[in-house]
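Asker: Got a structure here, written out as structure tokens. Questions coming.
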Amino acid sequence: MSKITESVKEIVEPIIASNAMELVDVEYKKLYGQDTLIIYIDKDGGVDLNDCELIHNAIDAPLDELDPTGGAPYNLNVSSPGIDRPLKTARDFAKKMGLEMEVSLYKPLAELGKIKKFNAILLGYDENAQEVELEYKSKNLKLNIKDIAVIREAIHF
């Protein structure tokens, strides 16, 4: 995580928590040609536009005071992480236990052959060991979180 996203996270996380929501992620990137700070929030039952507006208003002044970009202009977006969001937090993993996941690895692992992308059932997540347990082709598989580029719920239409 960058210095900007880390400093923003430290400032906004308690504000978001005090409004009974969870900070899912902070991104700082170019979006439509402009530097953009994106704050992803969630809560049980999901967030709506009113929740995003509430948090935007609550964090606006503290972010102005922090000045995370050193005076460089940026757009501030507060958003729901969306249905196709990657799992990042222990809470994310806990909510998705037993569901089918899309898994993308940084590189093929010996126990999987040459594949880097596959679908598997999420069986467990050990935050301390930083391991994800999956059922893939009727076999249990433990992967270190650092080997996983993206893990998200599989969406079937």
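Asker: Can you name the condition, by its number, that Leu134 falls short on among (1) within 23 Å of Val8 (Cβ to Cβ); (2) at pLDDT 95 or above; (3) open to solvent by less than 70 Å² (accessible area, probe 1.4 Å)?
Answerer: Leu134 satisfies all of (1) within 23 Å of Val8 (Cβ to Cβ); (2) at pLDDT 95 or above; (3) open to solvent by less than 70 Å² (accessible area, probe 1.4 Å) except (1).
Asker: Could I ask something else about it? Could you run through region 25-34 and say how many residues are within 14 Å of the chain's Cα centre (by Cα) and open to solvent by 50 Å² or more (accessible area, probe 1.4 Å)?
Answerer: Number satisfying all stated conditions: 2.
Here's the yes/no breakdown for (1) at pLDDT 95 or above; (2) open to solvent by less than 60 Å² (accessible area, probe 1.4 Å); (3) farther than 20 Å from Arg85 by Cβ:
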| site | (1), (2), (3) |
| --- | --- |
| Ser2 | no, yes, no |
| Lys9 | yes, no, no |
| Val12 | yes, yes, no |
| Ile15 | yes, yes, yes |
| Ser18 | yes, no, yes |
| Leu23 | no, yes, no |
| Ile38 | yes, yes, no |
| Gly46 | no, yes, no |
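Asker: For region 10-21, what are the residues that are closer than 15 Å to Ser79 by Cβ and assigned to a helix (DSSP H, G or I)?
Answerer: Matches in region 10-21: Val12, Ile16.
Asker: Mind checking which residues of region 36-50 are touching a strand residue (DSSP E or B) at 6+ places or on another chain (Cβ under 7 Å) and of a type outside the set (A, V, I, L, M)?
Answerer: Once the filter is applied, which keeps residues that are touching a strand residue (DSSP E or B) at 6+ places or on another chain (Cβ under 7 Å) and of a type outside the set (A, V, I, L, M), region 36-50 yields Thr36, Tyr40, Asp42, Lys43.
Asker: Next question. Looking at (1) surrounded by fewer than 14 Cβ atoms within 10 Å (Cβ to Cβ); (2) among the acidic types (Asp, Glu); (3) free of Cβ contacts under 8 Å to residues at least 24 places away in the same chain, find the lone condition where Glu53 falls short.
Answerer: (3)
Asker: While we're on this one: Only one of these conditions is not met by Ala61: (1) under 16 Å from Val8 (Cβ atoms); (2) open to solvent by 70 Å² or more (accessible area, probe 1.4 Å); (3) at pLDDT 95 or above; (4) of a type outside the set (Val, Ile, Thr). Which number is it?
Answerer: The number of the failed condition is (2).
Asker: If you don't mind, another one. Listed residues Leu66, Leu37, Leu49; which is within 21 Å of the chain's Cα centre (by Cα) and over 16 Å from Met21 (Cα atoms)?
Answerer: It is Leu37.
Asker: Another one. So which pairs qualify, if the first residue must be in region 101-114 and at positive phi and of a type in the set (A, V, I, L, M, F, W, C), the second must be outside any strand (DSSP E or B) and at pLDDT below 90, the Cβ gap must be under 7 Å, and the two must be at least 6 apart or on different chains?
Answerer: Within 7 Å, no pair qualifies.
Asker: Check region 22-42 and report whether any residue there is in a loop (DSSP other than H, G, I, E, B) and either closer than 25 Å to Ala94 by Cβ or acidic (Asp, Glu) (or both). Reasoning before the result, please.
Answerer: At the first step, the residues of region 22-42 found to be in a loop (DSSP other than H, G, I, E, B) are 32-33.
If we keep only those that are either closer than 25 Å to Ala94 by Cβ or acidic (Asp, Glu) (or both) too, we end up with none.
No, the conditions are met nowhere in region 22-42.
Asker: For region 75-119, which positions are surrounded by fewer than 16 Cβ atoms within 10 Å (Cβ to Cβ), touching an Asp or Glu at 6+ places or on another chain (Cβ under 8 Å) and among the hydroxyl-bearing types (Ser, Thr, Tyr)?
Answerer: Passing the criteria: Thr89, Tyr106.
The values are calculated or read from the model by the stated rules, or taken from the named source; none is laboratory data. What you see is a predicted model, and the numbers here were worked out from it, not measured in a lab. Every residue, glycine as well, gets a Cβ built from its backbone with ideal geometry; the counts of neighbours run over all protein chains shown. To get the accessible areas, we keep the full protein, side chains included, count just its heavy atoms, and leave off ligands, DNA and RNA. Shrake-Rupley method; radii C 1.70, N 1.55, O 1.52, S 1.80 Å.
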